[in-house]
Amino acid sequence: MNITTPQLSLLQSVISSEKSGIGNAGNITLKVDNLIVRDGSQIGTGTFAGSGNAGDLIITATDSVDIAGSFTGLFSSVQPGSTGNGGNLNITTSQLNLAQNAVISVTAVGNGNAGNITLKVDNLSVRDGSQIQTGTITGGNGGDLTIIAAESVEIAGFSNNGIPSTLLSAADFSSTGDAGDLNITSNQINIRDGAGISVTYFGYGNAGNLKVNADTILVDNQAGFAADVVAGNKGNINFNSKFIQLRRNSRITTNAIGTANGGNITINSPVIAGFENSDIRANADEGN
(Lines give C-alpha, C1' and ligand atoms only; values in the text may rest on other atoms or scores of the structure.)
Protein backbone atom coordinates (compact mmCIF):
# COMPACT_ATOMS: atom_id res chain seq x y z
CA MET A 1 0.00 0.00 0.00
CA ASN A 2 1.70 3.20 -1.19
CA ILE A 3 0.30 6.69 -0.56
CA THR A 4 1.93 9.89 -1.81
CA THR A 5 0.26 13.24 -1.09
CA PRO A 6 1.13 16.67 0.36
CA GLN A 7 -1.15 16.16 3.39
CA LEU A 8 -2.70 13.00 4.82
CA SER A 9 -5.21 13.45 7.65
CA LEU A 10 -6.92 10.59 9.51
CA LEU A 11 -9.88 11.37 11.79
CA GLN A 12 -11.54 8.29 13.35
CA SER A 13 -10.08 6.21 10.51
CA VAL A 14 -7.74 3.25 9.95
CA ILE A 15 -5.04 2.32 7.45
CA SER A 16 -3.83 -1.25 7.96
CA SER A 17 -2.05 -4.24 6.45
CA GLU A 18 -2.78 -7.48 8.32
CA LYS A 19 -1.91 -11.12 7.78
CA SER A 20 -3.35 -14.44 8.97
CA GLY A 21 -1.82 -17.62 7.60
CA ILE A 22 1.46 -18.64 5.97
CA GLY A 23 2.04 -15.82 3.49
CA ASN A 24 3.60 -12.44 4.29
CA ALA A 25 1.68 -9.20 4.57
CA GLY A 26 2.46 -6.18 2.40
CA ASN A 27 4.19 -2.99 3.50
CA ILE A 28 2.58 0.40 4.07
CA THR A 29 4.61 3.29 2.64
CA LEU A 30 3.52 6.90 3.16
CA LYS A 31 5.31 9.82 1.47
CA VAL A 32 3.81 13.13 2.58
CA ASP A 33 4.63 16.65 3.67
CA ASN A 34 2.36 16.50 6.73
CA LEU A 35 0.70 13.53 8.45
CA ILE A 36 -2.10 14.08 10.98
CA VAL A 37 -3.52 11.14 12.98
CA ARG A 38 -6.26 12.01 15.49
CA ASP A 39 -9.37 10.97 17.40
CA GLY A 40 -8.80 7.22 17.60
CA SER A 41 -7.27 6.85 14.14
CA GLN A 42 -4.62 4.17 13.62
CA ILE A 43 -2.05 3.18 11.02
CA GLY A 44 -0.63 -0.28 11.51
CA THR A 45 0.67 -3.61 10.31
CA GLY A 46 0.23 -6.96 12.02
CA THR A 47 0.33 -10.73 11.89
CA PHE A 48 -2.56 -12.50 13.63
CA ALA A 49 -2.15 -16.24 13.13
CA GLY A 50 0.16 -18.73 11.45
CA SER A 51 3.72 -18.23 10.26
CA GLY A 52 3.28 -15.23 7.98
CA ASN A 53 5.31 -12.10 8.69
CA ALA A 54 3.80 -8.64 9.05
CA GLY A 55 4.75 -5.88 6.65
CA ASP A 56 6.80 -2.79 7.45
CA LEU A 57 5.32 0.63 8.15
CA ILE A 58 7.47 3.31 6.50
CA ILE A 59 6.62 7.00 6.86
CA THR A 60 8.51 9.86 5.26
CA ALA A 61 7.06 13.28 6.09
CA THR A 62 8.97 16.33 4.91
CA ASP A 63 7.49 18.71 7.50
CA SER A 64 5.72 16.98 10.38
CA VAL A 65 3.90 14.00 11.88
CA ASP A 66 1.25 14.91 14.49
CA ILE A 67 -0.47 12.16 16.50
CA ALA A 68 -3.02 13.07 19.18
CA GLY A 69 -5.77 11.37 21.19
CA SER A 70 -6.50 8.21 23.16
CA PHE A 71 -6.38 4.92 21.17
CA THR A 72 -4.61 6.88 18.43
CA GLY A 73 -1.28 5.93 16.97
CA LEU A 74 1.07 3.94 14.78
CA PHE A 75 1.38 0.21 15.40
CA SER A 76 3.23 -2.95 14.41
CA SER A 77 2.16 -6.09 16.23
CA VAL A 78 2.51 -9.86 16.55
CA GLN A 79 -0.80 -11.11 17.95
CA PRO A 80 -1.59 -14.32 19.93
CA GLY A 81 -1.45 -17.46 17.79
CA SER A 82 1.14 -16.05 15.43
CA THR A 83 4.65 -17.40 14.93
CA GLY A 84 5.47 -14.89 12.23
CA ASN A 85 7.59 -11.84 12.91
CA GLY A 86 6.32 -8.30 13.23
CA GLY A 87 7.21 -5.59 10.77
CA ASN A 88 9.61 -2.72 11.31
CA LEU A 89 8.32 0.80 11.89
CA ASN A 90 10.41 3.61 10.39
CA ILE A 91 9.61 7.33 10.57
CA THR A 92 11.63 10.10 8.96
CA THR A 93 10.42 13.67 9.50
CA SER A 94 11.43 17.12 10.68
CA GLN A 95 8.96 17.31 13.59
CA LEU A 96 7.31 14.34 15.35
CA ASN A 97 4.67 15.29 17.95
CA LEU A 98 2.68 12.93 20.21
CA ALA A 99 0.03 14.36 22.55
CA GLN A 100 -3.06 13.39 24.57
CA ASN A 101 -2.28 9.68 25.16
CA ALA A 102 -1.11 8.98 21.61
CA VAL A 103 1.02 5.85 21.04
CA ILE A 104 3.70 4.52 18.73
CA SER A 105 4.03 0.82 19.53
CA VAL A 106 5.87 -2.25 18.26
CA THR A 107 4.94 -5.34 20.29
CA ALA A 108 5.05 -9.14 20.26
CA VAL A 109 2.09 -10.83 21.95
CA GLY A 110 2.49 -14.07 19.98
CA ASN A 111 5.60 -16.23 19.59
CA GLY A 112 7.08 -14.29 16.71
CA ASN A 113 9.62 -11.52 17.22
CA ALA A 114 8.57 -7.90 17.28
CA GLY A 115 9.96 -5.54 14.68
CA ASN A 116 12.24 -2.59 15.40
CA ILE A 117 11.32 1.11 15.62
CA THR A 118 13.60 3.69 14.07
CA LEU A 119 12.79 7.39 14.32
CA LYS A 120 14.93 9.89 12.39
CA VAL A 121 13.76 13.42 13.19
CA ASP A 122 14.97 16.93 13.89
CA ASN A 123 12.71 17.39 16.92
CA LEU A 124 10.69 14.86 18.93
CA SER A 125 7.97 15.88 21.41
CA VAL A 126 6.06 13.37 23.59
CA ARG A 127 3.47 14.96 25.92
CA ASP A 128 0.30 14.36 27.97
CA GLY A 129 0.82 10.68 28.76
CA SER A 130 1.81 9.68 25.23
CA GLN A 131 4.18 6.74 24.75
CA ILE A 132 6.68 5.35 22.27
CA GLN A 133 7.25 1.72 23.15
CA THR A 134 8.60 -1.63 22.08
CA GLY A 135 7.78 -4.77 24.01
CA THR A 136 7.21 -8.49 24.33
CA ILE A 137 4.53 -10.29 26.33
CA THR A 138 5.06 -13.99 25.49
CA GLY A 139 7.85 -16.00 23.81
CA GLY A 140 8.89 -13.57 21.09
CA ASN A 141 11.71 -11.08 21.41
CA GLY A 142 11.06 -7.38 21.68
CA GLY A 143 12.41 -5.03 19.05
CA ASP A 144 14.98 -2.28 19.45
CA LEU A 145 13.86 1.35 19.68
CA THR A 146 16.32 3.75 18.04
CA ILE A 147 15.78 7.51 18.09
CA ILE A 148 18.06 9.87 16.18
CA ALA A 149 17.01 13.49 16.75
CA ALA A 150 19.29 16.08 15.19
CA GLU A 151 18.12 18.89 17.48
CA SER A 152 16.02 17.86 20.50
CA VAL A 153 13.99 15.25 22.36
CA GLU A 154 11.38 16.44 24.88
CA ILE A 155 9.37 14.02 27.05
CA ALA A 156 6.99 15.80 29.42
CA GLY A 157 4.00 15.48 31.71
CA PHE A 158 1.08 13.17 32.46
CA SER A 159 -2.28 12.33 30.91
CA ASN A 160 -5.50 13.33 32.65
CA ASN A 161 -5.70 9.88 34.25
CA GLY A 162 -2.14 9.96 35.58
CA ILE A 163 -0.17 8.04 32.93
CA PRO A 164 3.32 9.54 32.45
CA SER A 165 4.78 10.35 29.06
CA THR A 166 7.32 7.62 28.31
CA LEU A 167 9.89 6.14 25.97
CA LEU A 168 9.90 2.45 26.87
CA SER A 169 11.33 -0.96 26.09
CA ALA A 170 9.48 -3.53 28.20
CA ALA A 171 8.76 -7.21 28.80
CA ASP A 172 5.70 -8.49 30.67
CA PHE A 173 5.65 -10.96 33.58
CA SER A 174 4.68 -13.83 31.26
CA SER A 175 7.45 -13.17 28.74
CA THR A 176 10.34 -15.56 28.07
CA GLY A 177 11.73 -13.58 25.13
CA ASP A 178 14.44 -10.93 25.31
CA ALA A 179 13.56 -7.25 25.51
CA GLY A 180 14.98 -4.82 22.98
CA ASP A 181 17.51 -2.05 23.50
CA LEU A 182 16.56 1.62 23.68
CA ASN A 183 19.07 3.89 21.91
CA ILE A 184 18.77 7.68 21.82
CA THR A 185 21.05 10.16 20.06
CA SER A 186 20.32 13.90 20.09
CA ASN A 187 21.81 17.35 20.60
CA GLN A 188 19.57 17.97 23.63
CA ILE A 189 17.33 15.69 25.71
CA ASN A 190 14.84 17.28 28.10
CA ILE A 191 12.72 15.07 30.40
CA ARG A 192 10.43 16.83 32.85
CA ASP A 193 7.30 16.81 34.99
CA GLY A 194 7.14 13.11 35.87
CA ALA A 195 8.02 11.77 32.43
CA GLY A 196 10.49 8.93 31.92
CA ILE A 197 12.76 6.94 29.62
CA SER A 198 13.18 3.33 30.70
CA VAL A 199 13.88 -0.31 30.00
CA THR A 200 11.68 -2.56 32.15
CA TYR A 201 11.83 -6.35 32.36
CA PHE A 202 9.45 -8.49 34.42
CA GLY A 203 9.83 -11.72 32.45
CA TYR A 204 12.52 -14.43 32.32
CA GLY A 205 14.69 -13.53 29.36
CA ASN A 206 17.29 -10.79 29.01
CA ALA A 207 16.55 -7.15 29.72
CA GLY A 208 17.35 -4.50 27.16
CA ASN A 209 19.95 -1.78 27.66
CA LEU A 210 19.42 1.98 27.65
CA LYS A 211 22.05 3.94 25.70
CA VAL A 212 21.97 7.73 25.52
CA ASN A 213 24.25 10.04 23.53
CA ALA A 214 23.50 13.77 23.81
CA ASP A 215 25.42 17.01 24.21
CA THR A 216 23.02 18.19 26.93
CA ILE A 217 20.70 16.12 29.15
CA LEU A 218 18.24 17.95 31.41
CA VAL A 219 16.03 15.98 33.85
CA ASP A 220 13.60 18.06 35.92
CA ASN A 221 10.69 17.71 38.35
CA GLN A 222 10.35 14.02 39.29
CA ALA A 223 11.43 12.79 35.86
CA GLY A 224 14.09 10.22 35.11
CA PHE A 225 15.87 7.36 33.40
CA ALA A 226 15.38 3.82 34.76
CA ALA A 227 16.20 0.15 34.19
CA ASP A 228 13.99 -2.14 36.33
CA VAL A 229 14.25 -5.96 36.38
CA VAL A 230 12.53 -8.79 38.27
CA ALA A 231 14.23 -11.77 36.61
CA GLY A 232 16.58 -12.53 33.75
CA ASN A 233 19.80 -10.66 33.12
CA LYS A 234 20.21 -7.07 34.18
CA GLY A 235 19.54 -3.99 32.07
CA ASN A 236 22.35 -1.42 31.92
CA ILE A 237 22.27 2.37 31.50
CA ASN A 238 25.02 4.11 29.51
CA PHE A 239 25.41 7.88 29.03
CA ASN A 240 27.76 9.90 26.85
CA SER A 241 27.17 13.63 27.30
CA LYS A 242 28.90 16.98 27.73
CA PHE A 243 26.52 18.14 30.44
CA ILE A 244 23.97 16.32 32.64
CA GLN A 245 21.70 18.16 35.07
CA LEU A 246 19.11 16.62 37.44
CA ARG A 247 16.70 18.84 39.37
CA ARG A 248 13.73 18.54 41.77
CA ASN A 249 13.61 14.86 42.76
CA SER A 250 14.77 13.53 39.42
CA ARG A 251 16.75 10.32 38.99
CA ILE A 252 18.92 7.93 37.05
CA THR A 253 18.38 4.46 38.50
CA THR A 254 18.79 0.75 37.98
CA ASN A 255 16.59 -1.38 40.23
CA ALA A 256 16.52 -5.17 40.71
CA ILE A 257 13.46 -6.60 42.48
CA GLY A 258 13.57 -9.87 44.44
CA THR A 259 16.58 -12.05 43.63
CA ALA A 260 17.37 -10.45 40.26
CA ASN A 261 20.75 -8.77 39.73
CA GLY A 262 20.74 -5.05 39.03
CA GLY A 263 22.23 -3.35 36.01
CA ASN A 264 25.24 -1.06 35.81
CA ILE A 265 25.15 2.71 35.36
CA THR A 266 28.00 4.11 33.24
CA ILE A 267 28.23 7.88 32.76
CA ASN A 268 30.84 9.58 30.59
CA SER A 269 30.44 13.34 31.11
CA PRO A 270 32.74 16.17 32.26
CA VAL A 271 29.86 17.86 34.12
CA ILE A 272 27.21 16.06 36.22
CA ALA A 273 25.04 18.30 38.41
CA GLY A 274 22.36 17.05 40.81
CA PHE A 275 20.13 19.42 42.79
CA GLU A 276 17.09 19.36 45.08
CA ASN A 277 17.13 15.72 46.19
CA SER A 278 17.93 14.24 42.79
CA ASP A 279 19.66 10.84 42.75
CA ILE A 280 21.85 8.50 40.73
CA ARG A 281 21.39 5.03 42.23
CA ALA A 282 21.96 1.35 41.48
CA ASN A 283 19.68 -0.78 43.67
CA ALA A 284 19.05 -4.46 44.34
CA ASP A 285 16.74 -6.12 46.87
CA GLU A 286 18.44 -9.52 47.28
CA GLY A 287 20.63 -9.90 44.19
CA ASN A 288 23.88 -8.19 43.26
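The values are calculated or read from the model by the stated rules, or taken from the named source; none is laboratory data. Keep in mind that this is a model prediction, so the values were computed, not measured. Glycine also receives a Cβ, built like all others from the backbone with ideal geometry; neighbour counts cover every protein chain displayed. These accessible areas exclude ligands, DNA and RNA; they are computed on the full protein's heavy atoms, side chains included. Shrake-Rupley method; radii C 1.70, N 1.55, O 1.52, S 1.80 Å.
In table form, for the structure just shown:
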read-out	value
The stretch 1-71: C-alpha gyration tensor shape, a/c 1.5 cut-off, then a/b vs b/c	oblate
Cα-centre dipole for the chain with unit charges at Cβ (Lys and Arg positive, Asp and Glu negative), debye to 20	140 debye
Whole-Hz couplings from phi, Karplus 6.51/-1.76/1.60, listed for the stretch 109-120; x for Gly and Pro	9, x, 8, x, 8, 6, x, 9, 10, 10, 10, 10
Which of Leu98, Gly274, Thr62, positive extreme of dipole for the chain (C-beta unit charges)	Gly274
Residue among Ile265, Ile15, Ile137 with the largest mean-square fluctuation in a Gaussian network model of the chain, springs linking Cα atoms under 10 Å	Ile15
For the stretch 69-77, 3J(HN,Hα) per residue [Karplus equation, 6.51 cos²θ - 1.76 cosθ + 1.60, θ = phi - 60°, Hz, x = Gly/Pro]	x, 5, 6, 10, x, 10, 9, 9, 9
Rounded to whole Hz, the Karplus (6.51, -1.76, 1.60) HN-Hα couplings of the stretch 136-152, x for glycine and proline	9, 10, 10, x, x, 8, x, x, 7, 10, 10, 10, 10, 10, 4, 10, 8
Share of pairwise Cα separations in the chain, more than 32 Å, in percent	22 percent
The stretch 172-220, accessible surface, carbon-and-sulfur percent (1.4 angstrom probe)	43 percent
Segments 211-218, 277-284, 70-77 sorted - mean Cβ within 10 Å per residue, highest first	70-77, 211-218, 277-284
Positive-end residue, the chain charge dipole about Cα centroid, Cβ charges, pick of Ala156, Gly142, Ser250	Gly142
Surface per residue (accessible, 1.4 Å probe) for the stretch 227-288, Å²	53 Å²
Only Lys, Arg (+1) and Asp, Glu (-1) charged, at Cβ; the stretch 81-235 dipole about Cα centre in debye	200 debye
Prolate/oblate/rounded label for the stretch 71-166 (Cα gyration tensor, a/c 1.5)	oblate
Per residue accessible area of the stretch 85-136, 1.4 Å probe, in Å²	27 Å²
